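Shown next, in structure tokens, is the structure this report addresses.
The values are calculated or read from the model by the stated rules, or taken from the named source; none is laboratory data. Values in this document were obtained by computation on a predicted structure and should not be read as measured data. Glycine also receives a Cβ, built like all others from the backbone with ideal geometry; neighbour counts cover every protein chain displayed.
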């Protein structure tokens, strides 16, 4: 940053003081301060010399009249000079002292040694000092006058008009005269040369300063002690819609008003002589409001008297706007302009304090959109951003001005609702949020999409009084709402917290177990009852827990649903199944293996890529030997995305089966859109076909549906051999279940296949 106030002082002061023409020689070489110091030193020195000289005269013989006059002048001149210096009349003091000493020197010459006298020898020094301290023009006058006087003294000596202390030979007389004239002329020329050099430098500096002041983007102004413009540059005048000549000499209050005129003066007084402050002013030229940074400094004369002030003004509107934008971006979301996590934390702290003061509740509502990832994948991120913007506006419409809607990132929002008197108000308020979010959103002409949200609610002070704790509790409640079916809200309670803690602990244990190699795959054979052949096996995961023994999937899989561990575990199962297919092939068994995939794993954005990488890692395993089973209920959550994933993965060669078919209430339209090759009838229908005609009718309908769409059908949960005959009678040839074989380790599959034969009842029913 530039030194604003000193620069202003230099610019204005120098521009006033520098002469406009180099031929003007009325200015001294030295500045007033240096001249004053030199003149005071000379006056005091001369006064001392005069005092000593006077005492010497009084002790000696009586002096002549001229001698008394010289001695009196030596005392009077410095006294008068010092008096003028006290009055700040520096040039007058220089004139009195230097011209007075010059006269005394010439008066002493005739009564002493003429041109050889001490007084005459100091004349060149007086000429130089006159040029340096008073003005070069005065030095020229003194030099010319001195030459004439010296010629007169020499003529007086030559014709004996004056009496000298000793005779001077003519040659010496004229040599002395010539030397004095030459010295005087030389010193005069030197004085003028020094002045001319100094003046040229000053002229160059003046031109440079003028260039700076008039072409600089900053605004400069000098105001006198009567609050009138003394100087302004073009930029300052243009800012006020004027020319510089229109402002100079006019009162500042005429253009800025009384308040604007007093602002720099008050700031300077408060800042002890200088100040820097900001002010909002209107640019008369453009008609817009601008922020100005003003540097002001008091101006004083050499005697310390107030002489107005200098000011430098700089337009910092862009800087202020940028700072405001940066400040806004630091506390707001760039997409929706809602408060971000940082500002939310501050607002939440304030809401908690206000709630304590007013004895009211604060509801922290944590929102996570359902299926937003699918919307992004289907329509693109630009459409997703547009949806988020619209939802942000809807949420703001649902709350009061004192409440806060914030976006944490992605599809997560937080709504702070304060001033709640009882908990019965919370479901109503949260219900408004769910209703607003659930309204269809127009994304293109004639195209609407629907989204929903799972909301978790934590209430202060019951669920915590720390912002981080409340947000964590609301997040936990949101996860429970999502696991409970989505498009709903859940209130936090201590039991929920314990459950969430259990979920996290189990997920951590699963992660450790996977790293330690504790998981196993068991395989349950699938058979063709009509042909009496083994057609494949279903891979079923088991956890060989070091403390609890062999754990079934129901003891850990539900607890990691929705957790990234579910995808990691699914990838491990796929890789192990492919390795087992390869191992069986080396033993002469060409078996297909089906693998269950969770809905969250299936909906991974890179699921197809994961699958392709696993197949590439097992190049000797035919892709058609791998079948992926997905729950019908999971497929129905998003039919379009599921169908797209199935089609993309089918290109790799793998096949798909709808597991637990009949429980998802899929419509014929949805079923037709899903390109799954196999339907697996849920065991809840197969189990009771011997006793329940309705279950038998359901199985018959599923088999008929599969045949109509040329899909393979497999009955799950075949509990006994007796169940096989009615299934064959309905046209369902394939089955699996405890009535055939229990899940077994991989090394038990080959001997089981070698020893298994189809029951006679099935062969009989097949005829």
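Remark: residue 294 matches the filter, which requires a residue to be free of Cβ contacts under 8 Å to residues at least 60 places away in the same chain and farther than 29 Å from residue 438 by Cα. Among residues of the range 236-255 being in a helix (DSSP H, G or I) and touching a helix residue (DSSP H, G or I) at 6+ places or on another chain (Cβ under 8 Å), the one that is farthest from residue 296 (Cα to Cα) is 246.
Taking residue 362, is it modelled with pLDDT of 90 or more and over 27 Å from the mean Cα position of the chain (by Cα)? Yes; evaluated as a whole, the condition is true for this residue.
The single condition from (1) modelled with pLDDT under 85; (2) exposed (fewer than 13 other Cβ atoms within 10 Å of the Cβ) that residue 320 fails is (2). Being loosely packed, with under 14 Cβ neighbours inside 10 Å and either assigned by TED's automatic domain parsing to the domain that holds residue 231 or in a strand (DSSP E or B) (or both) is a property that does not hold for residue 308. Applying the criterion of being out of contact with any helix residue (DSSP H, G or I) (no Cβ under 8 Å at 6 or more places or on another chain) and in a loop (DSSP other than H, G, I, E, B) to the residues of the range 277-305, the residue that is modelled with the lowest pLDDT is 303. Can you find a residue that is touching a strand residue (DSSP E or B) at 6+ places or on another chain (Cβ under 6 Å), modelled with pLDDT of 90 or more and more than 26 Å from residue 349 (Cβ to Cβ) anywhere in the range 463-475? No: the range 463-475 contains no residue that is touching a strand residue (DSSP E or B) at 6+ places or on another chain (Cβ under 6 Å), modelled with pLDDT of 90 or more and more than 26 Å from residue 349 (Cβ to Cβ).
Residues that are modelled with pLDDT of 90 or more and under 11 Å from residue 363 (Cα atoms) occur in the range 446-457; there is at least one.
Yes/no matrix, rows are residues, columns are (1) modelled with pLDDT under 90; (2) buried (at least 21 other Cβ atoms within 10 Å of the Cβ); (3) outside any helix (DSSP H, G or I); (4) in contact with a strand residue (DSSP E or B) (Cβ under 6 Å, 6 or more places away or on another chain):
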residue	(1), (2), (3), (4)
605	yes, no, yes, no
611	no, yes, no, no
615	no, no, no, no
619	no, no, yes, no
635	yes, yes, no, no
652	no, no, yes, no
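Is it the case that residue 375 is assigned to a helix (DSSP H, G or I), surrounded by 14 or more Cβ atoms within 10 Å (Cβ to Cβ), touching a residue at least 60 places away in the same chain (Cβ under 8 Å) and assigned by TED's automatic domain parsing to the domain that holds residue 473? Yes; evaluated as a whole, the condition is true for this residue.
The set of residues in the range 717-737 being part of a loop (DSSP other than H, G, I, E, B) and touching a helix residue (DSSP H, G or I) at 6+ places or on another chain (Cβ under 6 Å) consists of 717, 731, 732.
For every residue, the table says whether it meets (1) more than 27 Å from the chain's Cα centre (by Cα); (2) farther than 17 Å from residue 489 by Cα.
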| residue | (1), (2) |
| --- | --- |
| 375 | yes, yes |
| 379 | yes, yes |
| 400 | yes, yes |
| 410 | no, yes |
| 414 | no, no |
| 448 | yes, yes |
| 455 | yes, no |
| 461 | yes, yes |
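In this structure, does residue 571 turn out to be assigned by TED's automatic domain parsing to the domain that holds residue 712 and touching a strand residue (DSSP E or B) at 6+ places or on another chain (Cβ under 9 Å)? In short, no. Within the range 215-241, if we keep just the residues that are out of contact with any strand residue (DSSP E or B) (no Cβ under 8 Å at 6 or more places or on another chain) and crowded, with 17+ Cβ neighbours inside 10 Å, the residue that is nearest to residue 288 (Cα to Cα) turns out to be 240. Selection of the range 516-557 for residues being part of a loop (DSSP other than H, G, I, E, B), at pLDDT 90 or above, surrounded by 14 or more Cβ atoms within 10 Å (Cβ to Cβ) and touching a strand residue (DSSP E or B) at 6+ places or on another chain (Cβ under 9 Å) yields 518, 529, 530. Of all residues in the range 706-716, those being buried (at least 17 other Cβ atoms within 10 Å of the Cβ) and either in a helix (DSSP H, G or I) or not assigned by TED's automatic domain parsing to the domain that holds residue 673 (or both) number 1. All of (1) farther than 30 Å from residue 305 by Cα; (2) at pLDDT below 75; (3) buried (at least 18 other Cβ atoms within 10 Å of the Cβ) hold for residue 58 with one exception: (3).
Does the range 264-276 hold any residues that are without any contact (Cβ under 8 Å) to a residue 24 or more places away in the chain and not in a loop (DSSP other than H, G, I, E, B), and which are they? Passing the criteria: 266, 269, 270, 275. Only a single criterion out of (1) modelled with pLDDT of 90 or more; (2) over 28 Å from residue 624 (Cβ atoms) is not satisfied by residue 703, namely (2). Looking at the range 413-486, the strands (runs of 3 or more DSSP E) lying wholly inside it that each contain 3 or more residues that are touching a helix residue (DSSP H, G or I) at 6+ places or on another chain (Cβ under 7 Å) sit at 452-460.
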